[in-house]
Amino acid sequence: MATFAVLLRRLNGEFNRIAQEFAQAQGLHHTDVRALVAILDGDEQGRAMTPGRLREHLNLTSGAVSACLNRLERGGHIRRVPDSADGRIVHLHYAPAGRDVARAYFRPLARGTDAARQRFTERELRTVARFLNLLGDELAAPRDSR
C-alpha cells in the first residue's frame, strides 16, 4: 500500500508541476488553471460550468471567482455566454483561442499519456479507468458530505 501511495503522490506532483508551468507561461495563477480544467470538463461533459458551480468546485469566495474569471477572459482562455432562456445565468466555456494554447502546451503530456496507454490492453484500461473513477469519487466524498 505504501508503494501505491508513493506512486499516486508522484503522479499528482507531476500534474501539479505541469499545471504550474502552464500557469507561469500564461501569466495565470494556479487556481486559474484549476478553473480552466473545471470549465473544460464541463464543456466535454455537455454541462457548461457556471460561476456559482465553479465557486463551489474551487471552494472560493464569489469575489475570488470573479477575479479569476476576469483574468481568464482577458487572457482569451474563456468566454462567458448568457443562458438563452434565462439571461441571469452565465455559462462558462473554454474559448477556441484558449483551447489552441492549451493543446499546444499540453501536447507532450498527451503524447506521453498515449504512449503509456498503448502498453495496456483494452480490458486493463477499463480496469484502470474504473479505479480512477472510484478513487475520484472516494476523494470527493468528504468534500460532498460537509
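What is the ratio of the Cα radius of gyration of the stretch 98-141 to 2.2 N^0.38 Å, where N is its residue count, to two decimals? That works out to 1.48 for the stretch 98-141. Adding -39500 (n - 2.57) for every DSSP H run of four residues or longer, then dividing by how many residues the chain holds, sets the calculated 222 nm ellipticity at -24500 deg cm²/dmol. If you sort the three axes of the alpha carbon gyration tensor as a ≥ b ≥ c, you get a/c of 1.5 or more for the stretch 17-86 and a/b above b/c, which makes it prolate. Per Stokes-Einstein, at 20 °C and 1.002 mPa s, what whole-number D in µm² s⁻¹ belongs to the stretch 13-144, with the Kirkwood radius over Cα pairs as the hydrodynamic radius? Rounded to a whole number, D works out at 131 µm²/s.
We did not get these values from a lab; they are worked out from the coordinates using the rules stated. Given the structure is predicted, the values throughout are model-derived calculations rather than measurements.
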